[in-house]
Amino acid sequence: MSRRTLLRALGAGAGAAALAGCGVPAAYVAPRDRAAADRSERDKHLVFANWPLYIDVDEDDPQKRPTLEDFEKASGISVKYTEEINDNDEFFGKISPALMNHQDTGRDIIVVSDWMASRYVRLGWVQQMDRAAQPHVARELDPLLRKPAFDPGRLHTVPWQSGITGIAYNRKKLGREIRHTNELWHDDLRGKVTLLAGMDEAFALLMMAGGADVTRWTADDFHTMTDQLRRLVRKRHIRRFTGNDYIKDLSSGDVLACQAYSGDVIQLQADNPDIEFVVPEEGAELWAESLMIPDLARHKRNAERLIDYYYRPDVAARVAAEVNYVCPVPAAREVLASSGDKELAELAENPLVFPTDEMRGRLATARDITARERPAFSKEWNEIVGL
C-alpha cells in the first residue's frame, strides 16, 4: 500500500467537514507574538507530528525509526513522533482553535503540503527559523525548492519530501507514448483517463498544458483550464476524478493513463514495468510537504536541530531509500550511489527520486491560490468534478 493510498482512505471527506466547521479565521498573529519562552536548554524533548509511512523504519520492528533513534543518541534530545496527519484540511481544523486563540498546540514540528503551509504562513501561525543554526538546510536544500511564492527565502518552512504531479500510463496497453498532457485527450483514451479530484493537486499540470506560467498564473488561465475540463466531462472523455484510487484503476487496466504522483508510480513500476511516468514536455508541478514550527512551540531550538539533522546528505539518503519521493537534498544521491548496495545505487539513478537536469528544467512550483480567489475557484472546480 502506498502512503498516499492510505492517507486517502483515512482522510476521505474529513477536509471538507473540518473547514466547514471553522473556515479560515481572521486571526493573524504578528511576528512579535509568535514565540514562547524556549525550554530547549533544560528540557531535552520535542514533539514531531507527521504523516503515516513517511520516515525510515526498522525492517524487523516498524515501530523503530532508525534515523530518529540516532538523532536522540547523538543529541540527547528525546523525540515524541506521532503519525497523526492524515489530511491537510483535517489537521488544520484540529490545531487551528489553539493557534487562532494564541495557545500552544503541543507540537514543535508539523508537516503539511505547501499549498496548506501557505495558509499558516499567511496567518502568522508558524515561526521563522534561525538558519544560522541550520547550516545543512542552508547548504543542501534543492535550489528548485528554495523560493516558493508563499514563503520567500524559505524562512518559515523546510521541505520534508517533495514530488512531481505528472502523467502515468500503461505503454504496452495503450500502444503509444505520451509526451504532452494534451495527448490524454486523444480518441483512444476516451473513457480511459482519470484526473485528480483535488483542485490544489490537479490544476497546475492542466494549466501548463495550455502554456500558462504557473509561477504567476492568472484568473484567465484558471478559467481557460476549467472550460476545457467542462467540454471533456460533457464528452465523457474523463472516466472520473479520483483520489489515490487511480493506482487501482491503472493497475487493473480500467484506465490506461492518469494524472499521478511520482512516488506512487515507483511502487507501481515494481509490480508492472509497463507503467511509465512522464513529465510532459510543457512541464509538470514540483511540490513539497514541509516542516514548520508552530507558534508558541516550547522547544524551538530542539526542533531546529532536528530539522537540520535531516538535511545531512547521509540522513536524507536513508529517508529517501524508504519513502521513494523526490529527495529535497540532491547530495543524498551520491551517498546512495557510492553505498555499495545494488538496490540503493539503482535508486540513485531513478529520476523520480533524483530528477535529471533535463527533467528539472521542465518542473515548476505553482503560485498558491489566494484566500480571496479560493471560494469562487473552489465552487467552479467542485461543480465540474462533482464534489
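Structural remarks
- When restricted to residues that are at pLDDT below 90 and of a type in the set (Gly, Ala, Ser), segment 232-255 contains 1.
- Considering only residues in segment 298-309 that are farther than 10 Å from residue 134 by Cα and in contact with a strand residue (DSSP E or B) (Cβ under 8 Å, 6 or more places away or on another chain), the one that is surrounded by the fewest Cβ atoms within 10 Å (Cβ to Cβ) turns out to be 299.
- Residues located in segment 25-72, provided they are farther than 30 Å from residue 325 by Cα, among the hydrophobic types (A, V, I, L, M, F, W, C) and surrounded by 13 or more Cβ atoms within 10 Å (Cβ to Cβ): 27, 29, 35, 36
Quick grid of which residues meet (1) assigned by TED's automatic domain parsing to the domain that holds residue 248; (2) loosely packed, with under 13 Cβ neighbours inside 10 Å; (3) among the hydroxyl-bearing types (Ser, Thr, Tyr):
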| residue | (1), (2), (3) |
| --- | --- |
| 147 | no, yes, no |
| 169 | yes, no, yes |
| 181 | yes, no, yes |
| 188 | yes, yes, no |
| 194 | yes, no, yes |
| 202 | yes, no, no |
| 208 | yes, no, no |
| 216 | yes, yes, no |
| 229 | yes, no, no |
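- Unmet requirement for residue 132, which otherwise passes all of (1) farther than 14 Å from residue 310 by Cα; (2) hydrophobic (A, V, I, L, M, F, W, C); (3) in contact (Cβ under 8 Å) with a residue 24 or more places away in the chain: (3)
- Looking only at residues of segment 184-199 that are hydrophobic (A, V, I, L, M, F, W, C) and in contact with a helix residue (DSSP H, G or I) (Cβ under 7 Å, 6 or more places away or on another chain), we find that the one that is farthest from residue 282 (Cα to Cα) is 197.
- Residue pairs meeting the criteria (Cβ under 9 Å; at least 6 apart or on separate chains; first free of Cβ contacts under 8 Å to residues at least 40 places away in the same chain, in segment 298-319; second part of a loop (DSSP other than H, G, I, E, B)): 317/327; 317/329; 317/331; 317/339
- Boolean, residue 118 is surrounded by fewer than 21 Cβ atoms within 10 Å (Cβ to Cβ) and within 18 Å of the chain's Cα centre (by Cα): no
- Scanning segment 334-387 for residues that are assigned to a helix (DSSP H, G or I), aliphatic (A, V, I, L, M) and surrounded by 13 or more Cβ atoms within 10 Å (Cβ to Cβ) turns up 335, 336, 337, 344, 345, 347, 348, 359, 384, 385.
- Only listed residue being basic (Lys, Arg), closer than 26 Å to residue 329 by Cα, buried (at least 19 other Cβ atoms within 10 Å of the Cβ) and in the same structural domain as residue 310 (by TED's automatic domain parsing), chosen from 154, 139, 131: 154
- The condition (being surrounded by fewer than 24 Cβ atoms within 10 Å (Cβ to Cβ), touching a residue at least 60 places away in the same chain (Cβ under 8 Å) and of a type outside the set (Ser, Thr, Tyr)) is satisfied by just one residue among 280, 273: 280.
- Verdict on residue 205 being in contact with a strand residue (DSSP E or B) (Cβ under 8 Å, 6 or more places away or on another chain) and more than 26 Å from residue 328 (Cα to Cα): no
The values are calculated or read from the model by the stated rules, or taken from the named source; none is laboratory data. Computed from a predicted structure; not experimentally measured. Reconstructed Cβ throughout: ideal geometry from the backbone, glycine too, with neighbour counts over all protein chains shown.
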